[in-house]
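Structure, as structure tokens:
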Amino acid sequence: MTDFKTGILISFEGIEGCGKSTQIVLLAERLRDAGKEVVVSREPGATPLGAKLRKLLLDPAYSPDALTELLLYLADRREHRRLVITPALQRGALVLVDRYVDSTWVYQGFARDEVESSLIEKLNRLVAGDNWPELTFVLDCPAQVGLARALERNRETGAEGVADRFEQRHLDFHEQVRQGFLVLAKAARERFRVIDAGQEIEMIHDQIWREFSLKYAIS
Ligand code: TYD
């Protein structure tokens, strides 16, 4: 496999229940088998401060306005970048993140439609700086399919009936989120790869691996 000199940041995006975390685990395993250092992370909540912010952000007891919500996600990201992402990239690791800058643009911007997208873009750039993803996989599926899976996951983990603040939102909101990711992907084709998340897990993984191998010239 190519010996990467610098780290690579890859993000996974999509609606709730689209299967991001499963695919991250599969890609991480495959890369580790090939001898790479892989750091798997997620937002929100990857740091001690972030874990507290995550609790607040997902708690249905609160309904912050869009700007407050935006600032909390950005605070989480800044800490995540400082403590996890930058050090890992500096070591030359491959960093796979479950949600990153694009989730903010879509959830706090496009789907809520209360904060200017250009402001979100500016703040995202300020917070993430040169730790910008090189490659972003959008796992795309209808909102109904994703939400059904998210509810199933809650049932399996014993969290039935305790949908978080985002899962409680209407189907229309999630469909809007889905469209938001597709809009972004269309606008920056060199970075984004949209994958049909309705396929079998192995097929999705094969497609992700193919795209990764093509981009980084791995045979
Ligand atoms: P999580 O349980 O991690 O959801 P998922 O498994 O679908 O990733 O919850 C994260 C929630 O936070 C999710 O609903 C999306 C939302 N979110 C934002 O609204 N803005 C952001 O910038 C990020 C990173 C996440």
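The values are calculated or read from the model by the stated rules, or taken from the named source; none is laboratory data. Note that the coordinates shown come from a computational prediction; the quantities given were computed from them, not determined experimentally. Because the Cβ atoms are built from the backbone with ideal geometry, glycine has one as well, and the counts that use them run over all protein chains shown.
General remarks:
- Counting only helices (runs of 4 or more DSSP H) wholly contained in segment 130-216, the ones carrying 1 or more residues that are within 22 Å of E43 (Cβ to Cβ) and more than 16 Å from the ligand (Cβ to nearest atom) occupy 171-187, 201-215.
- When residues in segment 157-172 are screened for being out of contact with any helix residue (DSSP H, G or I) (no Cβ under 6 Å at 6 or more places or on another chain) and either farther than 18 Å from L58 by Cβ or modelled with pLDDT of 85 or more (or both), 2 of them pass.
- Residue check, R42 at pLDDT 95 or above and near the ligand (Cβ under 10 Å from one of its atoms): yes
- The requirement of being free of Cβ contacts under 8 Å to residues at least 60 places away in the same chain and acidic (D, E) is fulfilled somewhere in segment 30-50, by at least one residue.
- When segment 62-71 is filtered for residues that are charged (D, E, K, R) and surrounded by 20 or more Cβ atoms within 10 Å (Cβ to Cβ), only E69 remains.
- Of all residues making up segment 107-128, the number that are of a type in the set (A, V, I, L, M) and closer than 16 Å to D76 by Cβ: 5
- Residues of segment 17-30 satisfying the condition of being buried (at least 22 other Cβ atoms within 10 Å of the Cβ) and more than 10 Å from the ligand (Cβ to nearest atom): Q23, I24
Conditions (1) away from the ligand (no atom under 15 Å from the Cβ); (2) among the β-branched types (V, I, T); (3) over 19 Å from Q176 (Cα atoms); (4) loosely packed, with under 15 Cβ neighbours inside 10 Å, marked per residue:
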site	(1), (2), (3), (4)
D33	yes, no, yes, yes
P48	yes, no, yes, yes
R54	no, no, yes, no
P60	no, no, yes, yes
R78	no, no, yes, no
V84	no, yes, yes, no
L94	yes, no, yes, no
V97	no, yes, yes, no
V101	no, yes, no, no
